[in-house]
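Trainee: Would you mind keeping the following structure in view while I ask a few things?
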Amino acid sequence: MKEEVMLTLLTRLELGDVRYLHLLRQTNATCALNFHKVKNKSENKQGLFVFDIPTVANDIRVTAVELTNQLYDLKLKGEITYEMKDMAYCYRIVEVPIDFLSLSADITRWLSEVERCKVRKMDAMFNAANFALNLCDKTNGCSGADHTPCLQRKILDYFAGLDNHDFCKKIGQSSPFLRADIKVFLQSNSQARFTPRALARIMHGIASPAYPSTIWCKTHFWGRYKHIDFQVIMEAAKAELKNFVGKDVL
């Protein structure tokens, strides 16, 4: 999962209708520790100790910051050396969810709306650029390659809620072969596990960390349905996955 996605989810859990957690400052999650010989009669110990800072902090009932401060004090005394790595988000649980399934469904709906909002912004940007390059008649201040006036009008229309969505209608809403192709794809890759979103990304030719283009572009289904609306593909994929695995999928 990408870092910005994790931060988005954690922020939602902190600032949503119910405050489930309190975000703390980022800290290192892993410590590589070496002990040193500090007395003449002490044994010379060899070895590297690697441990998870949040786990140890919870076990000894201190905060991660307090633990790192103790390590720093020991380092100043010459008793240890250590290396911190793996920056991570830290949080304190404020409220334990009563129903994890309901919370998961709520977060899914919220993320879907965030996604739709970002797509609308991308559509508006494309619409403005397309108008400037292909449709502008240069009668309202535009000249040559300078399309600042019409771009400004498009931006103002977007924020006023007047942006034109007609260009979105050019995106296909269905295909008679979509579900059949998804079914064939699932049968041909039965060893892999897919979600509706993963299938839609493959059909749109959009790579992801779990399904990199270097591997999945070799299938002839890669990007085949990029002209079909992404949500339409997701719904078709959800239906075919239900038939394929014989149970509901999220």
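Computed from the coordinates by the stated procedures, all read-outs in this text should not be read as laboratory data. As the structure is a prediction and not an experimental result, all values here were calculated from the model. Positions of Cβ are generated from backbone atoms using ideal geometry, with glycine treated the same way; all protein chains shown enter the neighbour counts.
Trainee: Only Lys, Arg, Asp and Glu count, each charged at its Cβ (+1, +1, -1, -1), so figure out the dipole size of the chain about its Cα centre, rounded to 20 debye.
Mentor: About 580 debye.
Trainee: For region 108-166, what is the largest minus smallest coordinate of the Cα atoms on each principal axis, given in angstrom and ordered from greatest to least?
Mentor: Taking max minus min along each principal axis of the Cα atoms, region 108-166 gives 46, 19, 18 Å.
Trainee: Compute the relative contact order of region 14-152 as a whole-number percentage, counting only Cα pairs closer than 8 Å that sit 6 or more residues apart in sequence.
Mentor: Relative CO of region 14-152 lands at 28 percent.
Trainee: While we're looking at this one, here's another question. Tell me, in nm to one decimal, what length is gained between Ser143 and Leu103 on full extension, where the rule is 0.36 nm per residue of separation less the Cα-Cα distance?
Mentor: 9.1 nm
Trainee: So how far apart, in nm, are the two label points at Ile93 and Lys2 if each is 7 Å from Cα heading toward Cβ?
Mentor: Once both label points are built, they end up 2.9 nm from each other.
Trainee: Follow-up question, since we're still on this one. Match the structure shown to one of the listed values (1) 66; (2) 40; (3) 52 of percent of Cα pairs over 25 Å apart, computed from it, and give that label.
Mentor: (1)
Trainee: Residues with beta-carbon under 13 Å from that of Gly223, excluding Gly223: net charge, scoring Lys, Arg +1 and Asp, Glu -1?
Mentor: Once positives and negatives cancel, what remains is +3.
Trainee: Using only Cα atoms and rounding to the nearest 10 degrees, what angle (0 to 90) does helix 148-159 make with the longest principal axis of the chain?
Mentor: 70
Trainee: Hey, could you grab the Kirkwood Rh for region 174-226? Inverse mean 1/r over distinct alpha carbon pairs, Å, one decimal.
Mentor: 11.1
Trainee: Same structure, new question: Calculate the radius of gyration of the Cα atoms of region 1-117 to one decimal place, then report Dmax, the largest Cα-Cα distance, as a whole number, both in Å.
Mentor: Over region 1-117's Cα set, Rg and Dmax evaluate to 19.6, 68 Å.
Trainee: Provide Rg over Rh for region 59-172; use the alpha carbon set for both Rg and the Kirkwood Rh (inverse mean inverse pair distance). Provide the component values of the computation, followed by the final result.
Mentor: On the way: Rg = 26.8 Å, Rh = 20.2 Å.
Over the Cα atoms of region 59-172, Rg/Rh equals 1.33.
Trainee: Around Leu23, with a cut-off of 12 angstrom between Cβ atoms, what is the net charge of the other residues, counting Lys and Arg +1 and Asp and Glu -1? Show your work: numbers first, answer last.
Mentor: Working: positive: Arg12, Arg19, Arg25, Arg92; negative: Glu14.
With Lys, Arg at +1 and Asp, Glu at -1, the neighbours total +3.
Trainee: What length, rounded to one decimal in nm, is gained on full extension from Ala207 through to Val114, with 0.36 nm per residue of separation minus their alpha-carbon distance?
Mentor: On the way: separation 93, 0.36 × 93 = 33.48 nm, distance 1.99 nm.
Going from the current span to full extension adds 31.5 nm.
Trainee: Nearest 500 deg cm²/dmol is fine: what mean residue ellipticity at 222 nm does the chain get from its DSSP H runs of n ≥ 4 alone, each adding -39,500 (n - 2.57), divided by its residue count?
Mentor: Result for the chain: -14500 deg cm²/dmol, rounded to the nearest 500.
Trainee: When only C-alpha pairs under 8 Å and at least 6 residues apart count, what is the relative contact order of the chain, in percent?
Mentor: 15
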